[in-house]
1. Go through ARG34, ARG49 for me and flag whichever is at pLDDT 80 or above and on the phi < 0 side of the Ramachandran plot.
2. With the structure loaded, tell me whether TYR21 is at pLDDT below 80, part of a helix (DSSP H, G or I) and exposed (fewer than 12 other Cβ atoms within 10 Å of the Cβ) or whether it fails that test.
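The values are calculated or read from the model by the stated rules, or taken from the named source; none is laboratory data. Since the structure is predicted, the reported quantities are computational estimates derived from the model, not experimental observations. Every residue, glycine as well, gets a Cβ built from its backbone with ideal geometry; the counts of neighbours run over all protein chains shown.
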Amino acid sequence: MGFMSGVVTGVALAAGAAAWYMSRSGERFRDQYRVDRKLGEIGDQLEVRTREIQSTVNAQLAEMRTKSPDAAGPSSPPSAMLDDAQASAAEAAAELAANVEAKAAKVKKSARDAAPE
């Protein structure tokens, strides 16, 4: 009977150790998956925001082109108004890109901190 209880105890301990090891190794995989998912969400947000800015700029450019030069006044030619619209769109895009880069850097840093060395 002592041999059988030793075998059962050994199998139970091995199963417990295997379950513990699998939970620890799976934790690393889950953390990596979450980081990838967060980066994917940031990329999706960037794409949506870029499309919104592009459509807004295109609408503004179309509006500027349809305006007559007389309505703009003699002091501001249409090309200056278009340049202003393009500059504001470029500023908005640069601000958006900076925000996305900051978020991505924060996610990468948290991933490096979470990964075992």
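1. Details: ARG34 fails: at pLDDT 80 or above.
Result: ARG49 is the single residue among ARG34, ARG49 that is at pLDDT 80 or above and on the phi < 0 side of the Ramachandran plot.
2. On the way: at pLDDT below 80: no; part of a helix (DSSP H, G or I): yes; exposed (fewer than 12 other Cβ atoms within 10 Å of the Cβ): yes.
Against the criterion (at pLDDT below 80, part of a helix (DSSP H, G or I) and exposed (fewer than 12 other Cβ atoms within 10 Å of the Cβ)), TYR21 does not qualify.
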